[in-house]
Each structure stands twice: as structure tokens, then as C-alpha cells.
Amino acid sequence: MEAFRINGERLWQSLMEMARIGATPRGGVCRVALTDVDRQGRDLFIRWAREAGCEVEIDQMGNIFARRPSTDNALPPVLTGSHLDTQPTGGKFDGVYGVLAGLEVIRTLNDHHYATRHPVEVVVWTNEEGSRFAPSMVASGVFAGEFPLDYGLSRTDLNGVTLGQELDRLGYAGLRACGGQPLHAYFEAHIEQGPILEAERRVIGVVQGLQGQRWFDCTVQGMESHAGTTPMPRRRDALLGAMHMVQAVQAAALAQAPYGVGTVGQLLVQAMAEAVRAALDRLGDLGLTGTLQEIWYAPPTPFHPDCIAAVRRAAEHLQFPHMDMISGAGHDAKYLAQVCPSAMIFIPCKDGISHNEIEDATPEDVAAGCNVLLQAILEKAGA
Ligand SMILES: [Zn+2]
């Protein structure tokens, strides 16, 4: 572990300066992917990265890579970053924190004239939110080989404009191939977007992985009949069956606490899916039939034990109260975990609120997460 620390004030100022680009009257940020405002944010990041001595490259999906050279530039880089795009009524921290924390790590290494063995690279992933071009995390997905490049570039917004057209218009259609690049490790710092760290009074979430998700369409079939004249034993009330299904979802989630969560139409973890299927079978006792069609499944993404350990060691060394946790939200790290050892660092956000203009975090927690990122990167990048 190195004795030096990041400059928390500089990181906070950079976050606040970036938040002015697309600032909303209610204190939030609207920097939707590949709009003119998003371009301003990207331009500012690139200016800062060049001022910090980084070489900047843009790939075919518009992902931005800012590279700090090392003592052995043939080695694969340690990559860190996140996204600059926001929801239409987003906050000042979601995504941008991971990008600017990475930049602050590079600025800190510069301050101390510290040479790493592996290059350190900060990445800005295009269109993480997916609020303009579905699906979310599409550019890190192309990078990881989850989607073909053509698929990524042909995503359209509600006006029929493609992601590729917007990259061309904004001058962000880069030449570097998207993906195929060897990486030594990937770390992503992010606000938790949930209430657990705050409630547990912990500063650092050592993220073990991203939870899987299952989405179902469920149909319950009863029989319509006269509400006043049909005797109770003869009724086939579909709504009653649906109520049993809703309760089964709730019971299945509670039985898998704390990591299992569920709501009607959205289920997680295999055992819970089985419990819901069994409940559907039992509807036969009520004289009902039903169908349950799985419409989407995203498997859980475990992070790499070495990277998780590096984050935990850093939090312990810096004496930050920390806890292991699972991410309920999707992040670019989901796809990066498919191509290199990856992990995430969470910091608390006020009242667990995110994707909202009132999203908030404290300067102390922001600095703490960045210091953990610095130590984790130093461990992987080597001296
Ligand atoms: Zn995010």
C-alpha cells in the first residue's frame, strides 16, 4: 500500500464542474447519451485527460480511453471508469463518479511522479443508461463481444436516429476497434444506488458481483360469470389466482433474503423461479389454469476474487468501515467481467436514491471510494 492519498477537493470540484453540463433546475443532470450536452461532457473529460498527460483514443462505439503511460507500455492496462451519460432526470454521481474517480487517480499518480508497471487507463463507456438507445450498457457489451458492432451502431432512438449516426454527427465515431484489447484488470467505482451502506453506516461496499435477473410474463385464466348470481363454489376468479401468484413472488423473495428480491413480473435466483412455478401449478386446486413464460434472463455476474480482495484490502488498510455486497443494478462491469478480472467499489448515496435529480453523496464518501480505487489500481498496476 502506498502512503499517498487522492485530492478529495479536486475530485469534488471536477464532479461539480461536470454536473453543470446538463444541469437541471432541481439540482440534477440531464446528459442523455450522444446529445449535444453529452458531447460537451465528453469534450471536457478529454481536455482534462490530456491536461493530465494521457493519450486519448476513441473506439468505433464512441468509448473514450485515456491512457497514462507506464514503465512497460507493452503490458495490458489496468482499466477503470464508468459512464458520463445520465437518465433524463439523473443525478450528479451515477456513472460520472467512476469516470472522474479514475481521472483523479491519474492526477494523484502524476502529483507523486509515480510510475506504474502496467499502464492505467480511464474509460468512458457510451450509452450505459439505455434511456435513449436500448439496451443499456450496449457499448461495453460490444467491447466484451456480447453484441456485434453492427448491432450496437444500429440501435435507434424514438425518432429513428441510430447510435452510429449520432456518433458521426458528434465526431465521436472513433477508429480504434471496439474490443479485442487485452486488459489486466477492471475496477469500477459507483454510488450504491440503494440504501444498504447508509443504513449499515459503512463507507465502502466491496461488490461481489451483479445479481442475475429473470423476467416472466404470467397469465392466469379463470371464467367470467355473473357477479351476483354465481354461487361462490362455482366461481373461477382469475384475479384471486393472480393474488396467489403475487403472494408467491413475495414469499419466494423473502425466503431468499437478503439477496433475493422480487416483484410481480420480475424474479431473481433459480430457486425462487421454481417456487413461483410450483405456485402456478397449485392454481389447479382453485379450478384455474395459468402460464408462465420467461421473457428475459440475465445470469448473475460474479466478480474476480483477486480484484474483490484488492478492493477489500484497500478498504481495510484505509480503515474505512466496509461490507461485502451484491449489486442490484446493472453496470458496465457486468460485461467487462467477461473479458478480464473485474470488481466494483460502492459508496453510499443519500437515502439510497439514484436515477433522480436529488441523487446525492458526501465529499468524504466520494473521496473514500476514490482512495480505495487508487490502492486497488496500484496493487494491480504494480510499481
Ligand atoms: Zn451508472
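The values are calculated or read from the model by the stated rules, or taken from the named source; none is laboratory data. Note that the structure is predicted; figures quoted are calculated from it, not measured. FYI the Cβ positions are ideal-geometry reconstructions off the backbone, even for glycines, and counts take in every protein chain you see.
Can Q247 be described as under 30 Å from Y297 (Cβ atoms), surrounded by 15 or more Cβ atoms within 10 Å (Cβ to Cβ) and at pLDDT 85 or above? No.
Contact annotation: residue pairs with Cβ atoms under 7 Å, 6 or more positions apart or on different chains, pairing a residue in the stretch 229-242 that is closer than 25 Å to C218 by Cα with a partner that is at pLDDT 80 or above and outside any helix (DSSP H, G or I), are R236/G287; R236/L288; A238/L288; G241/L288. Residues that are away from the ligand (no atom under 14 Å from the Cβ) and of a type in the set (A, V, I, L, M) were ranked within the stretch 91-128; the one that is farthest from V37 (Cα to Cα) is A115. Scanning the stretch 362-383 for residues that are of a type outside the set (A, V, I, L, M) and assigned to a helix (DSSP H, G or I) yields P363, E364, D365, G369, C370, N371, Q375, E379, K380. The number of residues in the stretch 95-128 being surrounded by 24 or more Cβ atoms within 10 Å (Cβ to Cβ) and assigned to a loop (DSSP other than H, G, I, E, B) comes to 4. Among the residues of the stretch 69-94, those identified as surrounded by fewer than 24 Cβ atoms within 10 Å (Cβ to Cβ) and over 30 Å from D157 (Cβ atoms) are P69, S70, T71, D72, N73, A74, L75, P76. For D324, state whether it is more than 16 Å from the ligand (Cβ to nearest atom), of a type in the set (D, E), in contact (Cβ under 8 Å) with a residue 40 or more places away in the chain and out of contact with any Gly (no Cβ under 9 Å at 6 or more places or on another chain). No. Being within 16 Å of the ligand (Cβ to nearest atom) and crowded, with 22+ Cβ neighbours inside 10 Å is a description that does not apply to C307. When the stretch 134-169 is limited to residues that are within 16 Å of the ligand (Cβ to nearest atom) and free of Cβ contacts under 8 Å to residues at least 24 places away in the same chain, the one that is nearest to Y335 (Cα to Cα) turns out to be P135. Is the stretch 93-112 home to any residue that is of a type in the set (D, E, K, R) and over 22 Å from the mean Cα position of the chain (by Cα)? Yes, because at least one residue in the stretch 93-112 is of a type in the set (D, E, K, R) and over 22 Å from the mean Cα position of the chain (by Cα).
Please work out if S131 is part of a helix (DSSP H, G or I) and within 16 Å of the ligand (Cβ to nearest atom). Considered against the rule, which asks whether it is part of a helix (DSSP H, G or I) and within 16 Å of the ligand (Cβ to nearest atom), S131 comes out as no.
Name the residues in the stretch 43-85 that are touching a residue at least 40 places away in the same chain (Cβ under 8 Å), away from the ligand (no atom under 16 Å from the Cβ), within 23 Å of C370 (Cα to Cα) and charged (D, E, K, R), would you? Matches in the stretch 43-85: R67, R68.
Checking each residue in the stretch 58-97 for being in contact with a Phe, Trp or Tyr (Cβ under 9 Å, 6 or more places away or on another chain) and not hydrophobic (A, V, I, L, M, F, W, C) picks out D59, G62, N63, P77, T80, G81, S82, H83, D85, G95.
Y259 fulfils the conditions (1) at pLDDT below 80; (2) surrounded by 13 or more Cβ atoms within 10 Å (Cβ to Cβ); (3) outside any loop (DSSP other than H, G, I, E, B) except for a single criterion, (3). Name the residue that is farthest from P88 (Cα to Cα), counting only residues in the stretch 6-37 that are part of a helix (DSSP H, G or I) and free of Cβ contacts under 8 Å to residues at least 60 places away in the same chain. Selected residue: Q13.
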